[in-house]
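I have placed the structure first, in the form of structure tokens, so that the comments after it can refer back to it.
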Amino acid sequence: MSKVPFMPNIRTFPLSGSEIESRFTEFLTGLRKRRADTKPAEPTAADADDDELFYMRDAFDLSARDHSKIRRRSKRLVANQEARSGLAHLKAEDRKRLKTVAEGVLLNGPSTVHAVDEMASRLMHEMPWMQPVIKPIWQDARQHIARGGLGLWHRPVIVAGPPGIGKSHFARRIATLSRLPKLTIDVGGGSAGFAVAGVQRGWGSAAPGRPVETMLSEGIGNPVVVVDEICKAGNCYSGTGASTSIVTSLLGLLEPVSAQFWECPYFNVSFDMSHICWIMTANVISSIPAPLRSRCRVIELNGLADEDLLKFVEHQAAQRNLGQEDVDVVARLISAYPPGHPALNLRVVARHLDDLEAVACAPVRH
């Protein structure tokens with residue numbers, strides 16, 4: 001499977017000094033062998049001590065002067081490479097982390113228009129009440145593949161509706177069906193801006209953002225990133241008075257052009273974040289800032305009807321190996337609530353199914 005560039009401004013990734021020394025040593029030894037100069041030069045005491053002489057004779061047939069030249073040239077080459085690479089400011093540990101994606105990242109998901117249709121059909125079967133969300137994502141993904149794109153991609157979406165209608169469950173299913181990593185950022189935590197963008201060096205908690213961390217660890221450039229309760233976005237302040245907001249952090253990541261060359265405040269390196277599948281959830285739309293809404297497709301959903309809940313129960317019962325009698329039990333519980341009751345949501349129904357599954361799996365006592 002082909003990879004796409006992840007660090008667009010990094011043209012070359014510098015080799016370490018030991019790697020360059022090893023290559024120089026191998027080249028010089030091979031050159032001398034090709035010239036039939038296989039007889040090792042007799043080193044003198046002025047060149048090196050006894051231990052070093054033994055090592056050189058046994059391993060490379062190179063003199064101490066040869067090794068000294070190799071080390072000097074390796075250092076100069078490393079300095080020149082780092083100056084050109086734009087990575088000289090990073091520690092060796094951070095360069096090592098970035099080197100894992102030096103050749104690019106994978107874009108997972110459906111590879112054909114037919115595969116996109118199958119995924120959308122399966123989502124519609126499992127969660128028909130999410131049709132207003134499934135349809136635009138399906139259309140975006142179809143168009144993306146038809147234009148030669150790789151993996152799953154759709155425009156950022158904000159899904160608004162009452163709690164417990166399956167907004168997060170829907171995002172989890174998309175990630176599972178597309179073989180993509182999924183990460184959830186909870187806005188209610190207060191420091192979600194740092195979780196998205198990361199914390200620049202100089203702070204005690206300096207670290208890259210969670211999307212970058214996920215892409216580096218998984219090697220996948222289009223994870224499903226769920227931002228929960230975006231309607232609760234606020235500011236977070238440090239002890240020095242500096243502030244961050246998840247809205248500010250998201251704006252550059254949601255704009256297609258700027259996302260292609262988004263600069264990470266921790267690594268100070270540009271990453272291509274334009275392939276991320278953003279799904280934001282909210283209870284109300286009115287409290288979401290207009291600049292954020294303008295960069296997303298906003299979809300509002302109503303509460304669940306009884307038939308929606310029953311459809312969810314039937315699907316989950318099949319997944320959990322529960323029988324029809326268990327489905328009937330939950331159906332009676334659903335019908336016992338008056339229309340519009342807060343308990344008529346997926347979370348409550350899932351708890352009932354958990355209880356029935358626990359009973360089914362309990363050992364039989366004699």
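Worth a mention:
- The set of residues in segment 254-266 being outside any loop (DSSP other than H, G, I, E, B) and open to solvent by less than 20 Å² (accessible area, probe 1.4 Å) consists of Leu254, Ala259.
- Counting the residues of segment 267-300 that are open to solvent by 50 Å² or more (accessible area, probe 1.4 Å), part of a helix (DSSP H, G or I) and in contact (Cβ under 8 Å) with a residue 24 or more places away in the chain gives 2.
- When Gly303 is tested against the conditions (1) over 24 Å from Leu107 (Cβ atoms); (2) assigned to a helix (DSSP H, G or I); (3) in contact (Cβ under 8 Å) with a residue 24 or more places away in the chain, the lone failure is (2).
- Those residues of segment 120-148 which are assigned to a loop (DSSP other than H, G, I, E, B) and open to solvent by less than 20 Å² (accessible area, probe 1.4 Å), in sequence order: Met127
- Within segment 319-341, tally of residues that are open to solvent by less than 70 Å² (accessible area, probe 1.4 Å), in contact with a helix residue (DSSP H, G or I) (Cβ under 9 Å, 6 or more places away or on another chain), over 21 Å from Gly303 (Cβ atoms) and assigned to a helix (DSSP H, G or I): 3
- For Met56: the one exception among (1) modelled with pLDDT under 80; (2) surrounded by 11 or more Cβ atoms within 10 Å (Cβ to Cβ); (3) out of contact with any helix residue (DSSP H, G or I) (no Cβ under 8 Å at 6 or more places or on another chain): (3)
- Among residues of segment 94-116, those that are over 20 Å from Pro223 (Cβ atoms) and assigned to a loop (DSSP other than H, G, I, E, B), counted: 1
- Evaluating Asp94 against the criteria (1) more than 21 Å from the chain's Cα centre (by Cα); (2) touching a residue at least 40 places away in the same chain (Cβ under 8 Å) leaves one unmet condition, (1).
The values are calculated or read from the model by the stated rules, or taken from the named source; none is laboratory data. Source: prediction; values computed, not measured. Using ideal geometry, Cβ is built from the backbone for each residue, glycine included, and neighbour counts are taken over all protein chains shown. All accessible areas refer to the heavy atoms of the entire protein, side chains included, with ligands and DNA or RNA removed. Shrake-Rupley method; radii C 1.70, N 1.55, O 1.52, S 1.80 Å.
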